[in-house]
Amino acid sequence: MHIQIPDAAARAIGILEQQGYEGYLVGGCVRDAVRGVEPHDWDITTSALPRETMAVFSGFRIIETGLKHGTVTVLMEGEPLEITTFRQDGDYADHRHPDGVTFVRDLRADLIRRDFTMNAMAYCPRTGLVDPFGGREDIEKGILRAVGDPDCRFDEDALRILRALRFASRFGYRIEEDTRAAMSRKAHLLVHVSSERILSELRQMLVGAHVLEVLLSCPDILAVPLPEIEGTVGFAQHNRHHIHDVWGHTAHAVAAAPADPILRLTMLLHDLGKPLCYSEDGKGEGHFYGHAARSAELADRILRRLKCDTFTREEVCRLVAHHDDTLHADARTARRLLSRHGYDRACRLLEVRRADLAAHAPAFHGELDALDALRRLLDDLLAQEGRLTLKALAVKGTDLMELGYAGPAVGKALGALLDAVVDGHCENEKAALLAYVKNL
Ligand code: ATP
Ligand code: MG
């Protein structure tokens, strides 16, 4: 198998080989190339020890930041190339990090420590593909499979369980049965993974094209870091708007939202409060009064626990809190949305509503047209407001003060000038406005 590799990487491998070492592309870039996708970065692995790598590339600019883990970054033709010594991991006492790493001279020892067969391949032009665990075949069949014994591998590093979900969501691969079963058996070890890493994997998983299948098939795993979802799984809604239980609806709503982390996090969390707010009316129909506010509280708790950045947390919580607001396709609603939320969040709120509706029973999809109309109203309003605000006026308060205006008279005169511009009585141009204000 031939892989087209960038000149810088080919050159680095050539230089290593000239000096008697081995050098290979490895990991995600080989996987992506085999899948026929352009890799985003090209990592190199080598038999040279870190000090030897530095000596080999002494004629180039070198960044030493990863040296402890055996990584030397070499700037070649303007591109940073990460060159890491073949490693073997020690024991994993904390279910997350190896107690120590040993540098080795054998490529296979480096590949066997990697998480999935598709990520455990190496390539160099001299040898072609090095694929000891059948990664290429698994890619061709669309299978995600742990390298070696899956229980041991997830025991070593529980983060791999979330990486599996992330890759499954991104590529649409089926998780091989033994690997999948081990993921459930070892999911409790996710308590050893830092909040930051959990959130990072979760975000990447959520924006995957195949997130629906992952959410529907793995709630037991997600419920370890997110126990709040447990109550939604299998919770029947007894409501004609719905064809799914709360978790099924949630999964469909996530998948229906644009692949943006804020919107998808919002949909993941938007109905968490439902089981806590359930009531039935006399006709046996289920209701969830107050669930939006309740879900927003839970979302806030979860995102704080996962050490989410403040902007994302606040934005998600606001969107969750307002996801059930009544929206009419009229100018009044548009004006209110704009003044309460600003344009960006108003648009996000419409996306949230669209995703939520798309996950309802098809009979209730009619409102989607109304959302389109409301979006047009918002855009029109924004275009008008652009002309209407005081900010856009060519005269400022200070200009009027120079003319002798003071106190509330300044604001009043500015308002009058704005009206004059809007009504077409005066150009929005400084000299014209100053002349106009003298005649008021
Ligand atoms: P991406 O395209 O998202 O960067 P990637 O496979 O390159 O995917 P990285 O996190 O960049 O993911 O890791 C690079 C390689 O290191 C992986 O392909 C895999 O071989 C190995 N690897 C990364 N994390 C782990 C882990 N937790 N356990 C075992 N191997 C891992
Ligand atoms: Mg990578």
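The values are calculated or read from the model by the stated rules, or taken from the named source; none is laboratory data. In this text, all values refer to a predicted model and were calculated from it rather than measured experimentally. FYI the Cβ positions are ideal-geometry reconstructions off the backbone, even for glycines, and counts take in every protein chain you see. SASA here: full protein model, heavy atoms, side chains in, ligands and nucleic acids out. Shrake-Rupley method; radii C 1.70, N 1.55, O 1.52, S 1.80 Å.
Only Lys, Arg, Asp and Glu carry charge here, each on its Cβ (+1 for the first two, -1 for the last two); on that basis the stretch 131-252 has a dipole of about 360 debye about its Cα centre. I'd like the antiparallel share, as a percent to the nearest 5, of DSSP beta bridges with both residues in the chain. Antiparallel bridges: around 80 percent, rounded to the nearest 5.
Nothing charged except the Cβ atoms of Lys and Arg (+1) and of Asp and Glu (-1): what's the magnitude of the dipole of the chain about its Cα centre? Round to the nearest 20 debye. Mind showing how you got there, number by number?
Numbers: 54 positive and 66 negative charges, 143 e Å.
Around 680 debye, computed over the chain.
Size descriptors for the stretch 1-81, from the alpha-carbon set: Rg then Dmax equal 12.4, 35 Å.
Basic side chains Lys and Arg get +1 at the Cβ, acidic Asp and Glu get -1 at the Cβ, and with that the dipole of the stretch 390-438 about its Cα centre reaches some 140 debye. Nonpolar atom fraction for the chain, defined as the carbon and sulfur part of the 1.4 Å probe accessible area, stands at 51 percent. Largest GNM mean-square fluctuation among 239, 119, 428, using the chain with Cα springs under 10 Å: 428.
I need the shape label for the stretch 7-141. Rule: rounded when a/c is under 1.5, else prolate if a/b > b/c, else oblate, with a, b, c from the alpha carbon gyration tensor. Verdict is oblate for the stretch 7-141. Using the Cα gyration tensor of the chain, with a ≥ b ≥ c the square roots of its eigenvalues, what is the shape: rounded (a/c below 1.5), prolate (a/b larger than b/c) or oblate (neither)? Oblate, because a/c is 1.5 or more while a/b does not exceed b/c. Inter-part distance, the stretch 306-345 to the stretch 59-134, computed on C-alpha centroids, equals 45 Å.
Of the residues 417, 436, 406, the one whose Cα sits farthest toward the positive end of the charge dipole of the stretch 390-438, with +1 on the Cβ of Lys and Arg and -1 on the Cβ of Asp and Glu, is 406. Put a dot 7 Å past the Cα of residue 99, heading toward its Cβ, do the same for residue 339, and the two dots end up 6.6 nm apart. Ranking 384, 154, 232 by Cα position along the charge dipole of the chain, where only Lys, Arg, Asp and Glu carry charges on their C-beta atoms, puts 384 farthest toward the positive end.
The Cα center of the stretch 148-169 and the Cα center of the stretch 235-301 differ in position by 29 Å.
For the residues 308, 152, a 1.4 Å probe over the protein chains yields an accessible-area ranking, largest first, of 152, 308.
Just the number please: accessible area per residue for the stretch 7-141, 1.4 Å probe, all protein chains included, in Å².
Details: 6260 Å² over 135 residues.
Computed with neighbouring chains in place, this is 46 Å² per residue.
Residues in the stretch 390-438 average 61 Å² of solvent-accessible surface per residue, probe 1.4 Å, ligands and nucleic acids excluded.
For the stretch 325-387, the solvent-accessible area with a 1.4 angstrom probe is 54 square angstrom per residue.
When you restrict to C-alpha pairs under 8 Å that are six or more residues apart and normalise by the size of the stretch 7-141, the relative contact order lands at 22 percent. Averaging the sequence gap over all C-alpha pairs within less than 8 Å and six or more residues apart, then dividing by the number of residues, gives the chain a relative contact order of 8 percent.
Greater than 27 Å separation of Cα atoms is the criterion. Which listed pairs, 68/141; 186/307; 274/307, meet it?
68/141
For residue 412, the lysines whose Cα comes closer than 21 Å to its Cα, not counting residues fewer than 8 places off in the same chain, are 391, 396, 430, 438.
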